[in-house]
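> What follows is a structure written as structure tokens; I'll ask about it next.
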Amino acid sequence: EGLTGKGTNTPNPETKHEKPIFYSKIDLPKISDLEDTHFAKVYMVNRMISPSFLSRLYFAEDFKGFTYKVTNRQYDLNENEARIIIPFFDENKNLIAFQGRAFTNTKLRYITIKVDENAPKIFGLDTIDIKKQFYIVEGPIDSMFLPNCIAMAGSDISAKSLGKIANAMQDGMGTMVFDNEPRNIEIIKRMERVIDYGWKACIWPEYIKHKDLNDMIL
């Protein structure tokens, strides 16, 4: 306002800091609560997902709408597309990310959305016990077929990305289980890096032809 000189009293500006909102509950129907004939439940049962995990998965009729509701951010997603929601929680049961699994043969079968931009894209942080033998796989669904297992959900494997889990890996408590793609150059590089760290890694025998754990189970 052009006020200058002695005696002018200018109040300190107020600064508001918005605290991030952390979700611990998801306002969607659980797969386990759907009718047995519902296509989403039929799909997951046919993939032989155990009932204990069906109660941890959700169904969204409108994935784009659900994403906006949780993140308050607009993404270039298909309108009114139904997807299975796989939630990622941290050790304190806060929702840090979620993955949407499509039912159709779309280019993006899996879409992972981060709620907390600073959190790692690791599925199973809320259930893993690093004091016992544990496993790390690539996809959340595959992790449902091994005990005490987490999934990196496409994240690059590194000591930094794993945090304190990396220390347990160094102590021999964990084993990396990559997909069975011996001709995939990127996966081979990741396996070599894990071995260079001194961590344990699963190397599939040649007689196993299936690509991942879920395929092997089926």
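> From Cα pairs below 8 angstrom and at least 6 apart in sequence, can you work out the relative contact order of the chain, rounded to a whole percent?
Values: 328 pairs, mean separation 27.4, N = 218.
It rounds to 13 percent for the chain.
> Given an 8 Å cut-off on Cα distances and at least 6 residues of separation, report the relative contact order of the range 39-152 as a percent. Present the calculation step by step, with values, prior to reporting the outcome.
Numbers: 188 pairs, mean separation 21.0, N = 114.
With pairs under 8 Å counted, the relative contact order is 18 percent.
> Roughly how many debye, to the nearest 20, is the charge dipole of the range 103-218 about its Cα centre, given +1 on each Lys and Arg Cβ, -1 on each Asp and Glu Cβ, and no other charges? Don't skip to the end; give the middle numbers.
Details: 15 positive and 16 negative charges, 17 e Å.
Dipole magnitude for the range 103-218 comes out near 80 debye.
> How many percent of the alpha carbon pairs in the range 78-135 exceed a separation of 19 Å?
40 percent
> Further question on the same structure: In square angstrom, what is the accessible area per residue of the chain with a 1.4 angstrom probe?
Details: 13480 Å² over 218 residues.
Per-residue accessible area for the chain comes out at 62 Å².
> With a 1.4 Å probe and all protein chains left in place, how much of the accessible area of the range 49-173 comes from carbon and sulfur atoms, in whole percent?
Numbers: 2860 of 5960 Å².
Within the range 49-173, the accessible surface is 48 percent carbon and sulfur.
> May I ask which of K121/K164; K131/K200; K30/K93; K131/K189; K132/K211; K25/K69 have a Cα-Cα span longer than 20 Å here? Let's see the in-between values first.
Numbers: K121/K164 15 Å; K131/K200 16 Å; K30/K93 17 Å; K131/K189 28 Å; K132/K211 27 Å; K25/K69 13 Å.
Over 20 Å apart, Cα to Cα: K131/K189; K132/K211.
> Same structure, new question: Would you calculate the volume per residue, in Å³, of the smallest convex hull containing every Cα atom of the range 59-218?
Numbers: hull volume 20.7 nm³, N = 160.
About 129 Å³ per residue, rounded to a whole number.
> Moving on. Given the Cα-Cα distance of E206 and A159 and 0.36 nm per residue of separation, how much length would full extension add, in nm? Let's see the in-between values first.
Details: separation 47, 0.36 × 47 = 16.92 nm, distance 2.88 nm.
Gain on extension, E206 to A159, equals 14.0 nm.
> Okay, next question. Cβ neighbours within 10 Å, averaged per peptide: list 200-211, 113-124, 133-144, 31-42 in order, most packed at the top. Could you put the intermediate results ahead of the total?
Values: 200-211: 11.4, 113-124: 18.1, 133-144: 22.8, 31-42: 14.6.
In descending order of packing, they fall as 133-144, 113-124, 31-42, 200-211.
> Excluding residues fewer than 8 places away in the same chain, name every one of the aspartates and glutamates whose C-alpha is closer than 16 Å to that of K107.
K107 reaches D76, E79, E81.
> Continuing with this model, one more query. Per-residue HN-Hα couplings for the range 165-172, Karplus 6.51 cos²θ - 1.76 cosθ + 1.60 at θ = phi - 60°, whole Hz, x for Gly and Pro?
Running phi through 6.51 cos²θ - 1.76 cosθ + 1.60 with θ = phi - 60° gives 5, 4, 5, 5, 5, 5, 7, x Hz.
> Kindly point out which whole DSSP H helices in the chain project their C-alpha atoms 15 angstrom or further along the helix axis while averaging a Kyte-Doolittle hydropathy of -0.5 or above. Walk me through the intermediate numbers first.
On the way: long enough: 185-197 (18 Å, -0.05).
Those that clear 15 Å and a mean of -0.5 are 185-197.
> Can you give the calculated 222 nm mean residue ellipticity of the chain, where each DSSP H run of n ≥ 4 adds -39,500 (n - 2.57) and the sum is split over every residue, rounded to the nearest 500 deg cm²/dmol? Before the final figure, lay out each step's value.
Details: 8 runs with 54 residues, N = 218.
Counting only the DSSP helices, I get -6000 deg cm²/dmol.
The values are calculated or read from the model by the stated rules, or taken from the named source; none is laboratory data. Just so we're clear, the structure is a prediction, and the values are computed from it rather than from any experiment. Methodologically, a virtual Cβ is constructed for each residue, glycine included, from the backbone with ideal geometry; neighbour enumeration extends over all protein chains shown. These area figures cover heavy atoms from the full protein model, side chains too; ligands, DNA and RNA do not enter into them. Shrake-Rupley method; radii C 1.70, N 1.55, O 1.52, S 1.80 Å.
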